[in-house]
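First comes the structure, then the notes that go with it.
What follows draws every value from the coordinates through simple rules; no lab data is involved. Quantities reported herein were computed from a predicted structural model and do not represent experimental measurements. Every residue, glycine as well, gets a Cβ built from its backbone with ideal geometry; the counts of neighbours run over all protein chains shown.
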Amino acid sequence: MWEFTSPRTIVFGEEALEYLKEIEGERAFIVSGKFVGRMGIADKVADYLKEAGMEVSIFNEVEPEPSVGTIVKGAKAMAEFRPDWIIGLGGGSSMDAAKAMWILYERPDMEVAMINPLEKLGLRKKSKLLCIPTTSGSGSEATWATIITDSDGAVKMELPSKEAVPDVVILDPELPSLMPPALTAQTGLDVLAHAVEAYVSQWRNDFSDALAIKAIQIVFTHLLEAYENGTSLEARERMHNASTMAGWAFSNSQVGVAHCMGHALGALFKVPHGRCVGIFLPYSIEYSAPEIKERYAQIAKAIGVEHTTDDEALDGLLEAIRALRERLGEPGSIGDAGISESEFNANLDGLVDRAMSSASTSMCPRIPSADDYRKLFICAFSGENVGF
């Protein structure tokens, strides 16, 4: 038996933000980062909520890779304001922070590290959660995952709870149109990695498959257009939709090797998450292919790769991903990302330990050992093909 989770309401398309005028409640607490504030987005959201007759408070202190300290501070501010709606506004960091703050607001007896899928939280006694992504990548608006960085900044804690899926999601394409090209590229590669890994996960199912394969097709059709012509609302809307679909897919299946390795690299070297998984995705496919080559062949067929055998399909899929990544100006190896060989070697044990500790490792189509991860990191540093 498997339980498929999803947001109750998804509002999408141009002027979707105006849905906020219909929200019924008394007090809304907006969780965002400083960039969203500087761009005036938080104020625009607040104005719509005020039109709905609500009092509004804005917490705009969420940093990239949000820390435990920020979560505790935000939850304290929530407790003082007593909102009945919490608005996660921004990229994955802001939405993940909103989820964690919400949980602590509803459950003041808990600490951040205690959040887990087995704990009955009893949310929604005080408030509901509405998420508005401003980037097209994390998919956090559709997932029950929450990624928070521990106090010393060296470990990304994976803190899932099925109760933390947002009640309402608003996908307005004007918001991601503000993303610069580099961020568009990195978040778009994150969408692709989410969808590909969801499609081959051991926990995949018919529902996640449908969402994942459509998201992959959209990425290959519209990501370059969004990157090269950021004002194209059609490309932005389609990539925004794909991001949510990919998040929805992996939330109900799982991610894999690229994300396990990506979280490790991002935690130790502060490389943007989308860049990390963009580096590791082809290596993860090469590694996993012996166990599930036919699934990769199905992906290749869905994006129009011509082939007569599964091996040809696999080669074509890898070529398509690498070509897309290159046109987006993203690195193909850890070394190309600016990490020196001495830095890499000094942290290799830490990278392997962090990848092994990821809960997703056990759901990969081919489950890596610590030695496998070590070899994969070495291949990914130098750009070598995976031959084991």
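A few points about this structure:
- Fraction of antiparallel bridges per DSSP, the chain only, in percent to nearest 5: 10 percent
- Axis of helix 310-327 versus longest Cα principal axis of the chain: the two differ by about 60°, to the nearest ten degrees.
- Bins of 10 Å, starting at 0 and running to the largest distance - Cα pair percent for segment 9-177: 11, 45, 36, 8, 0
- Relative contact order of the chain, defined on C-alpha pairs under 8 angstrom at six or more residues apart (%): 15 percent
- Annotation note: GluC sites (Glu not before Pro) in segment 54-155 located in DSSP loop regions with a Cβ neighbour count of at most 12 within 10 Å are E111.
- Calculated FRET efficiency, R322 to E384, Cβ-Cβ distance, R0 = 22 Å: about 0.95 to the nearest 0.05.
- Rounded to the nearest 10 degrees, the inclination of helix 92-106 to the longest alpha-carbon principal axis of the chain is 50 degrees.
- Cut-off 20 Å, label 7 Å out along Cα→Cβ of D150, residues of segment 242-284 by amide N: 259-271, 273
- Residues F269 and E80, FRET efficiency given R0 of 30 Å [Cβ-Cβ distance, rounded to 0.05]: 0.25
- Three-way shape label, segment 167-212, alpha-carbon gyration tensor, a/c 1.5: oblate
- Against the main long axis of the alpha-carbon atoms of the chain, helix 341-357 sits at an angle near 70°.
- Relative packing of 234-242, 317-325, 379-387, which averages over residues the other C-beta atoms within 10 Å, highest first: 234-242, 317-325, 379-387
- Summary value for segment 32-97: 42 percent relative contact order, contacts being C-alpha pairs under 8 angstrom separated by 6+ residues.
- The C-alpha atoms of segment 180-382 occupy a region whose extents along the principal axes are 45, 36, 30 Å, arranged from largest to smallest.
- For segment 283-354, the square roots of the Cα gyration tensor eigenvalues, ordered a ≥ b ≥ c, give a/c of at least 1.5 with a/b no greater than b/c, which places it in the oblate category.
- Principal axis dimensions, segment 190-286 - Cα atoms, whole angstrom, descending: 35, 34, 21
- Only Cα pairs under 8 Å and 6+ residues apart enter the sum, and on that basis the relative contact order of segment 9-177 stands at 27 percent.
- Annotation: peptides 64-74, 271-281, 223-233, ranked by per-residue average of other Cβ atoms within 10 Å with the highest first, follow the order 271-281, 64-74, 223-233.
- Estimated from the Cβ-Cβ distance and a Förster radius of 45 angstrom, the FRET efficiency linking M110 and S333 is about 0.65.
- Read-out Rg/Rh (Cα atoms, Kirkwood Rh), derived from the coordinates shown; its label in (i) 0.93; (ii) 1.03; (iii) 0.96: (iii)
- The residues F344, F35, F59, when put in order of fewest to most other Cβ atoms within 10 Å, stand as F35, F344, F59.
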